[in-house]
Amino acid sequence: MYRVLLLLLMATPAVIAGEVDQSAAIAALQRDDSVLIDVRTAQEYAEGALPGATRIETRDLAERIAGIAPDKEAPVVLYCRSGRRSSAAQDLLLEMGYSQVINAGGYGDLKAVVPPR
């Protein structure tokens, strides 16, 4: 019994909130059903944002996410200035039942590597 459970756990990909995974973010953004969310402030967003990103601060995410990403199975890629706020947003979305939530990290690191959408 325990052996079967252990094998199942090992075969299931783990979702570890908080860790930045730029390669997973870039791969997810290649999909047509992915959603890109910038959780920075309006001022930070006005200074530059990734193409196709929707700005939703983490404090507003719970009430606005269903309108932006109704499919909880679609990839949701989050970024902020450093990866800290996007980590908090990732935790929130995972708690809300979203299954493919990726913390892409900071805008400054991403703007050179994220392809246009």
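R64 meets all of the listed conditions (1) closer than 15 Å to T41 by Cα; (2) out of contact with any Phe, Trp or Tyr (no Cβ under 6 Å at 6 or more places or on another chain); (3) at pLDDT 95 or above but one, namely (1).
Annotation note: Cβ proximity below 9 Å between a residue of the range 104-117 that is under 17 Å from A89 (Cβ atoms) and a residue that is basic (K, R) and assigned to a loop (DSSP other than H, G, I, E, B) (sequence gap 6+ or interchain) occurs for G106/R81; Y107/R40; Y107/R81. A Cβ distance below 6 Å, combined with a sequence gap of six or more or placement on separate chains, defines the contacts here; from the range 41-55, residues that are modelled with pLDDT of 95 or more reach residues that are of a type in the set (F, W, Y) and outside any loop (DSSP other than H, G, I, E, B) in the pairs R55/Y45.
Here is a yes/no grid of residues against (1) at negative phi; (2) under 9 Å from the mean Cα position of the chain (by Cα); (3) aliphatic (A, V, I, L, M); (4) modelled with pLDDT of 95 or more:
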site	(1), (2), (3), (4)
Y79	yes, yes, no, yes
A88	yes, no, yes, yes
G108	yes, no, no, no
R117	yes, no, no, no
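For the range 67-87, the candidate set comprises residues that are assigned to a loop (DSSP other than H, G, I, E, B) and small (G, A, S); within that set, the residue that is farthest from T41 (Cα to Cα) is A74.
If we keep just the residues of the range 24-36 that are out of contact with any helix residue (DSSP H, G or I) (no Cβ under 7 Å at 6 or more places or on another chain) and not in a helix (DSSP H, G or I), which is surrounded by the fewest Cβ atoms within 10 Å (Cβ to Cβ)? Break it down into steps so the answer makes sense when it comes.
So in the range 24-36, the residues out of contact with any helix residue (DSSP H, G or I) (no Cβ under 7 Å at 6 or more places or on another chain) come out as 24-33, 36.
Still in the running and not in a helix (DSSP H, G or I): 29-33, 36.
Numbers: L29: 22, Q30: 10, R31: 12, D32: 6, D33: 11, L36: 25.
Step by step, filter the range 24-36, then rank; the result is D32.
Scanning the range 88-109 for residues that are surrounded by 20 or more Cβ atoms within 10 Å (Cβ to Cβ) and either touching a Gly at 6+ places or on another chain (Cβ under 9 Å) or under 25 Å from Q43 (Cα atoms) (or both) turns up A89, Q90, L93, V101, I102, N103, A104, G105, Y107.
The values are calculated or read from the model by the stated rules, or taken from the named source; none is laboratory data. Small disclaimer: the values here were computed from a predicted structure and weren't measured. Glycine also receives a Cβ, built like all others from the backbone with ideal geometry; neighbour counts cover every protein chain displayed.
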